[in-house]
Amino acid sequence: MSLFKHLFFKSHSTHLTITSNNGFHLRPVAQFASLAKSFPSKITATFQKKTVDAKSVNTLLSLSLEKEDTFTLQTQGKKADEAIEALVTLFETLMQTDIQVKEVIKTASDYEGALIAGDIIFEGIAIAPIYHYARKEVQHENNASFQEALQSSLNELENLYLAHKQEDNATIYLAQKELLTSLGEKSETLKNFEHLVEQEANTLLGTTLESKRADYQDILQRVKKHLGLEIKVTFPNSPFILLGDDLLPSEIDALLDTQVLGVILKETSIHSHTAILLRAAGIASLIAETEDLHQNKTLILDAHAGVVILAPSANDLQKATRRLEQDINKNTLSATRRFEVATTTQGKEIKVLANVADVHSAKIAKEEGAQGIGLLRSEFLFKANKPSLETQQKAYEEIFSFFDDITVRTLDVGGDKALPYIQIPTENNPFLGVRGVRLFNTHPELLEEQMHAIFMAAGEKAIKIMFPMVSSVEEFTQAKFFAQNVAQKHHLNISNIDFGIMIEVPSVLFLLEQFNEVVDFYSIGTNDLTQYLFAIERTHPSLKVDALSPVLFSAIDTILQKATKPVSICGELAANKAAIEKLVNLGIETLSVSPKSIAQTKELIRHV
Ligand code: PEP
Ligand code: MG
């Protein structure tokens, strides 16, 4: 047999059974397809006589695999053996680690008014007039082509993933990105794309994955937005309970800025991405088949008992109000403790700061009890279009106003972080290429404007500025010199500003004596430091590093031993339950974590 034939016929197959209660849903499917794509082999999945391409998210999803379904995975051709082995390992991990949403146990209810029962998404009570959710399409002037809109949408999803990456729900954005890639590749015009989205989403009808149809609508809406077709929704400017068929995951963000007290949806499921995001937002919410209700009618949403009281009596309103007060008291108690400092059992105070990305997350950090900002990921202020100097200055001013202790990181773009208007020539290894502090050389005008905005926003306030991805002392001194020149050019005094570095590149560990001479502080970025210590890309779909590897702790220990300037940690390790005690024992005194992890991190420190 010729080599060609041998390669062509080389095929492996195995049977895989879904063990997660959630079925083989979008997030694991996206990771699976992404790994499959990295192999040159032909890879298919077969279920009930239907064979599909396992490299495509939407065709895999169209198999609607539910718990206990068994499908056949087949790999054929070049690297078929490696592909099957890697995919089986990943599949097993995905099944084991898939977060199982537990049904909330309902409390008893004794309301007098007529009620409808439903499934609880997130517990809580809401008493308010209802507001019917309706969408309106508005066309703005826009010259973007379909391909440009597609690319902007993919970039936006990537940025959303990065902005939320310390939260459990971050993979939703990655999964949507994979879905968009897979449908986008097959479309040349918006019309094709719309048709394909509808067709593929319809294959989920009647399956347990039906609620994932919202993700299809969501990606369509995102692309349309970049073509100027904006979906407008107006909300009341007084408290309300939102009533709708379904919400798109992207619409939850808009809800956060309103006075919404509760959400009742007809067509989602407790496993949907919409439900995951409602839980993350902490909004009392229920899935219930409500009939037509008049706009503005006041009702009770009791998402402890899992009911909607359609015509509440005076007694019902009293009962629900009492229950609401109990909830508020409980939350107030834990919130109060969040604002206390965190002291170990030995009486050592550990500062807990927040990693934030914009004004909104800085505000949340304040409410969650952060003692300052340990990492402002400034790249998220830049988004799809470059903000003007004034817009940047205003954002920094607002963020700085929340705390006394502020550390801003200069633009960290490149590698896993893209900005649509920054063109970095194609590189074989973007993670080892133009990124972080290296942008000072390639995009000086962008950095100059950012520096200028930060300096003006800081005024006389003492803030810290840190440079990302620094690998040599020269990179730091040049960036600081650049900053000083910007200040001089604009006649600004920056003696109130400290300059430091993120420790993310292993070379810094061997240069600490020299760095001690020039920097004012260090912040360890364990996310990137881990990736470079082990040469495993942090977004790699199948290769995983042990986040608690002794190697990492040894690196941190070295830094703490050699550094003569303050050291903090702002990578994800800082909020890792299993790491906090070790980090404190190594001598770390400042941790910077996502706003939602502040209360828990403080509580863990109190037990060290
Ligand atoms: C890090 O690398 O640990 C870090 C905090 O920075 P980012 O995750 O934004 O790259
Ligand atoms: Mg980093």
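The values are calculated or read from the model by the stated rules, or taken from the named source; none is laboratory data. Fair warning: this is a prediction, and the values are worked out from it, not measured in the lab. No Cβ is skipped: glycine too gets one built from the backbone with ideal geometry, and neighbour counts run over all protein chains shown.
On the basis of being buried (at least 22 other Cβ atoms within 10 Å of the Cβ), touching a helix residue (DSSP H, G or I) at 6+ places or on another chain (Cβ under 7 Å) and more than 18 Å from residue 115 (Cβ to Cβ), does residue 256 make the cut? Spell out how you get there, then give the answer.
Working: buried (at least 22 other Cβ atoms within 10 Å of the Cβ): no; touching a helix residue (DSSP H, G or I) at 6+ places or on another chain (Cβ under 7 Å): yes; more than 18 Å from residue 115 (Cβ to Cβ): yes.
Against the criterion (buried (at least 22 other Cβ atoms within 10 Å of the Cβ), touching a helix residue (DSSP H, G or I) at 6+ places or on another chain (Cβ under 7 Å) and more than 18 Å from residue 115 (Cβ to Cβ)), residue 256 does not qualify.
Based on this model, can you work out whether residue 533 counts as hydrophobic (A, V, I, L, M, F, W, C), within 13 Å of ligand 1 (Cβ to nearest atom) and either closer than 25 Å to residue 433 by Cβ or assigned to a helix (DSSP H, G or I) (or both)?
When the stated conditions are applied, residue 533 passes them.
Filter the stretch 507-528 down to the residues that are of a type in the set (A, V, I, L, M), within 16 Å of ligand 1 (Cβ to nearest atom) and assigned to a helix (DSSP H, G or I), then identify the one that is farthest from residue 451 (Cα to Cα).
Restricting to residues being of a type in the set (A, V, I, L, M), within 16 Å of ligand 1 (Cβ to nearest atom) and assigned to a helix (DSSP H, G or I), the top hit is 509.
Among the residues of the stretch 432-454, write down those that are within 16 Å of ligand 1 (Cβ to nearest atom) and touching a strand residue (DSSP E or B) at 6+ places or on another chain (Cβ under 8 Å).
Matches in the stretch 432-454: 433, 434, 435, 436, 437, 438, 439.
Scan the stretch 591-607 and tell me whether some residue there is more than 16 Å from residue 349 (Cα to Cα), in contact with a strand residue (DSSP E or B) (Cβ under 6 Å, 6 or more places away or on another chain), assigned to a helix (DSSP H, G or I) and more than 16 Å from ligand 2 (Cβ to nearest atom).
So far as the stretch 591-607 goes, yes, one or more of its residues are more than 16 Å from residue 349 (Cα to Cα), in contact with a strand residue (DSSP E or B) (Cβ under 6 Å, 6 or more places away or on another chain), assigned to a helix (DSSP H, G or I) and more than 16 Å from ligand 2 (Cβ to nearest atom).
With the requirement that a residue be more than 12 Å from residue 350 (Cα to Cα) and either crowded, with 16+ Cβ neighbours inside 10 Å or in contact with a Ser or Thr (Cβ under 8 Å, 6 or more places away or on another chain) (or both), what does the stretch 575-585 give you?
Taking the stretch 575-585 and keeping what is more than 12 Å from residue 350 (Cα to Cα), we get 575-579, 582.
Correct list: 575, 576, 579, 582.
What pairs come out if I take residues in the stretch 463-483 that are farther than 20 Å from residue 526 by Cβ and β-branched (Val, Ile, Thr) and pair them with residues that are assigned to a loop (DSSP other than H, G, I, E, B) and within 16 Å of ligand 2 (Cβ to nearest atom) whose C-beta lies under 7 Å away, six or more apart or interchain?
As it stands, the answer is 465/410, since those pairs meet every condition given.
Output yes when any residue across the stretch 494-506 is within 16 Å of ligand 1 (Cβ to nearest atom) and part of a helix (DSSP H, G or I), and no when none is.
Looking through the stretch 494-506, at least one residue is within 16 Å of ligand 1 (Cβ to nearest atom) and part of a helix (DSSP H, G or I).
Being of a type in the set (Gly, Ala, Ser), surrounded by fewer than 21 Cβ atoms within 10 Å (Cβ to Cβ) and free of Cβ contacts under 8 Å to residues at least 24 places away in the same chain, is that true of even one residue in the stretch 179-198?
Checked against the condition, which is being of a type in the set (Gly, Ala, Ser), surrounded by fewer than 21 Cβ atoms within 10 Å (Cβ to Cβ) and free of Cβ contacts under 8 Å to residues at least 24 places away in the same chain, the stretch 179-198 yields no hits at all.
Can you find a residue in the stretch 454-465 that is under 29 Å from the mean Cα position of the chain (by Cα), within 28 Å of residue 533 (Cβ to Cβ), within 16 Å of ligand 2 (Cβ to nearest atom) and buried (at least 19 other Cβ atoms within 10 Å of the Cβ)?
So far as the stretch 454-465 goes, yes, one or more of its residues are under 29 Å from the mean Cα position of the chain (by Cα), within 28 Å of residue 533 (Cβ to Cβ), within 16 Å of ligand 2 (Cβ to nearest atom) and buried (at least 19 other Cβ atoms within 10 Å of the Cβ).
Looking at (1) assigned to a loop (DSSP other than H, G, I, E, B); (2) more than 16 Å from ligand 2 (Cβ to nearest atom), which one does residue 478 not meet, given that it meets all the others?
All conditions are met except number (1).
Given the options 560, 552, name the one that is free of Cβ contacts under 8 Å to residues at least 60 places away in the same chain, within 12 Å of ligand 1 (Cβ to nearest atom) and under 16 Å from residue 503 (Cβ atoms).
Checking each option against the conditions leaves just 552.
Checking the conditions here, which among 310, 255, 286 is within 30 Å of residue 139 (Cα to Cα) and out of contact with any His (no Cβ under 7 Å at 6 or more places or on another chain)? Break it down into steps so the answer makes sense when it comes.
On the way: 310 fails: within 30 Å of residue 139 (Cα to Cα); 286 fails: within 30 Å of residue 139 (Cα to Cα).
Residue meeting the stated conditions: 255.
Does residue 523 qualify as being touching a Gly at 6+ places or on another chain (Cβ under 8 Å), of a type outside the set (D, E, K, R) and within 16 Å of ligand 2 (Cβ to nearest atom)? So that I can check it myself, show each step before the final result.
Details: touching a Gly at 6+ places or on another chain (Cβ under 8 Å): yes; of a type outside the set (D, E, K, R): yes; within 16 Å of ligand 2 (Cβ to nearest atom): yes.
Yes: the conditions hold for residue 523.
This table checks each residue for (1) within 16 Å of ligand 1 (Cβ to nearest atom); (2) part of a helix (DSSP H, G or I); (3) among the aliphatic types (A, V, I, L, M); (4) modelled with pLDDT under 95.
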{"residue": "322", "(1), (2), (3), (4)": "no, yes, no, yes"}
{"residue": "326", "(1), (2), (3), (4)": "no, yes, no, yes"}
{"residue": "334", "(1), (2), (3), (4)": "no, yes, no, yes"}
{"residue": "355", "(1), (2), (3), (4)": "yes, no, no, yes"}
{"residue": "371", "(1), (2), (3), (4)": "no, no, no, no"}
{"residue": "376", "(1), (2), (3), (4)": "yes, no, yes, no"}
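Yes or no: the stretch 527-547 includes at least one residue that is at pLDDT 95 or above, within 16 Å of ligand 2 (Cβ to nearest atom) and more than 30 Å from residue 92 (Cβ to Cβ).
No, every residue in the stretch 527-547 fails to be at pLDDT 95 or above, within 16 Å of ligand 2 (Cβ to nearest atom) and more than 30 Å from residue 92 (Cβ to Cβ).
What are the pairs, 6+ residues apart or on separate chains, where a residue within the stretch 205-234 that is farther than 20 Å from residue 266 by Cβ and modelled with pLDDT of 90 or more has its Cβ under 7 Å from a residue that is hydroxyl-bearing (Ser, Thr, Tyr) and not in a helix (DSSP H, G or I)?
222/250
Taking the criterion of being modelled with pLDDT of 95 or more and in contact with a Lys or Arg (Cβ under 8 Å, 6 or more places away or on another chain), would at least one residue in the stretch 55-68 satisfy it? Please lay out each step first, then the result.
First, pick out the residues of the stretch 55-68 that are modelled with pLDDT of 95 or more: none.
The answer is no; no qualifying residue exists.
In this structure, is residue 471 small (Gly, Ala, Ser), within 16 Å of ligand 1 (Cβ to nearest atom) and modelled with pLDDT of 95 or more?
Working: small (Gly, Ala, Ser): yes; within 16 Å of ligand 1 (Cβ to nearest atom): yes; modelled with pLDDT of 95 or more: yes.
So residue 471 passes the test.
Would you check if there is a residue in the stretch 305-321 being over 17 Å from residue 595 (Cβ atoms), within 28 Å of the chain's Cα centre (by Cα) and in contact (Cβ under 8 Å) with a residue 40 or more places away in the chain? Spell out the reasoning first.
Kept after step one, since they are over 17 Å from residue 595 (Cβ atoms), are these residues of the stretch 305-321: 305-321.
Cutting the leftovers down to within 28 Å of the chain's Cα centre (by Cα) gives us none.
The answer is no; no qualifying residue exists.
Where residues in the stretch 375-429 are within 16 Å of ligand 2 (Cβ to nearest atom) and among the acidic types (Asp, Glu), which of them is surrounded by the most Cβ atoms within 10 Å (Cβ to Cβ)?
The residue in question is 412.
Go through (1) hydroxyl-bearing (Ser, Thr, Tyr); (2) within 16 Å of ligand 2 (Cβ to nearest atom); (3) over 17 Å from residue 523 (Cβ atoms) and name the single condition residue 554 misses.
Against the list (1) hydroxyl-bearing (Ser, Thr, Tyr); (2) within 16 Å of ligand 2 (Cβ to nearest atom); (3) over 17 Å from residue 523 (Cβ atoms), residue 554 comes up short only on (2).
Hey, among 506, 468, which residue is under 22 Å from residue 393 (Cβ atoms) and within 16 Å of ligand 2 (Cβ to nearest atom)?
After ruling out the rest, the residue left standing is 468.
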